[in-house]
1. For the chain, take the longest principal axis of its alpha carbons; what is the angle in degrees between that and the long axis of helix 3-20, to the nearest 10 within 0 to 90?
2. Under a crude label model (7 Å from the Cα following the beta-carbon direction), how far is T65 from K43 in nanometres?
3. Helix-only mean residue ellipticity at 222 nm, the chain, DSSP H runs n ≥ 4 weighted -39,500 (n - 2.57), per residue, nearest 500. What is it?
4. Does segment 17-88 classify as rounded, prolate or oblate by the C-alpha gyration tensor (a ≥ b ≥ c root eigenvalues; a/c under 1.5 gives rounded; else a/b over b/c gives prolate, otherwise oblate)?
5. Work out from phi, with θ = phi - 60° and the Karplus expression 6.51 cos²θ - 1.76 cosθ + 1.60, the ³J(HN,Hα) of each residue of segment 101-107, listed in order in whole Hz, and give x for Gly and Pro.
6. Are any of the pairs K82/K102; K13/K98; K13/K81; K13/K74 more than 24 Å apart by Cα-Cα distance, and if so, which?
7. Tell me the relative contact order for the chain as a rounded percent, counting alpha carbon contacts under 8 Å between residues six or more apart.
8. Leaving out ligands, DNA and RNA but keeping every protein chain, what accessible area does I61 have, in Å² rounded to the nearest 10, with a 1.4 Å probe?
Amino acid sequence: MNTREKGNIGEDKAVEFLIKNNYQIVTRNFYSRFGEIDIIAKKGEVLHFIEVKSGNNFQPIYNVTYSKLQKIIKTLNLYLKKYKLNNPYQIDVITIHKGEIKFIKNISMW
């Protein structure tokens, strides 16, 4: 199984988790010239730009780097502009490690 296939499995599990927790999935795999946002979801009026990381041999949160966050920010700004949205938003991370899902809300890096 290649990396993309493993990523899709993780994203599918993340989507199931979000739906069970009353999030509406807006889109998956939104691409821009800056990068990709795995899942865009909505709860209430808040848009959630969600990065999904999974792995069994390491803690996947360590793959959410400052550089990755900057790409997400550029991509979400492009998304908001493209669809002329003015919703409140946040960046979240879902990690899946050895089958355990953790939802880290409203991340930021200084």
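1. 70
2. Calculated label separation equals 2.9 nm.
3. -10500 deg cm²/dmol
4. oblate
5. Once rounded to whole Hz, the list reads 9, 10, 10, 9, 8, 6, 7.
6. From K82/K102; K13/K98; K13/K81; K13/K74, over 24 Å: K82/K102; K13/K81; K13/K74.
7. In percent, rounded to a whole number, it is 24.
8. Accessible surface of I61 is approximately 60 Å².
The values are calculated or read from the model by the stated rules, or taken from the named source; none is laboratory data. All figures in this text were calculated on a predicted structure; none of them were measured in a lab. Every residue, glycine as well, gets a Cβ built from its backbone with ideal geometry; the counts of neighbours run over all protein chains shown. Quick note on the areas: whole protein, heavy atoms, side chains included, nothing else; ligands and nucleic acids left out. Shrake-Rupley method; radii C 1.70, N 1.55, O 1.52, S 1.80 Å.
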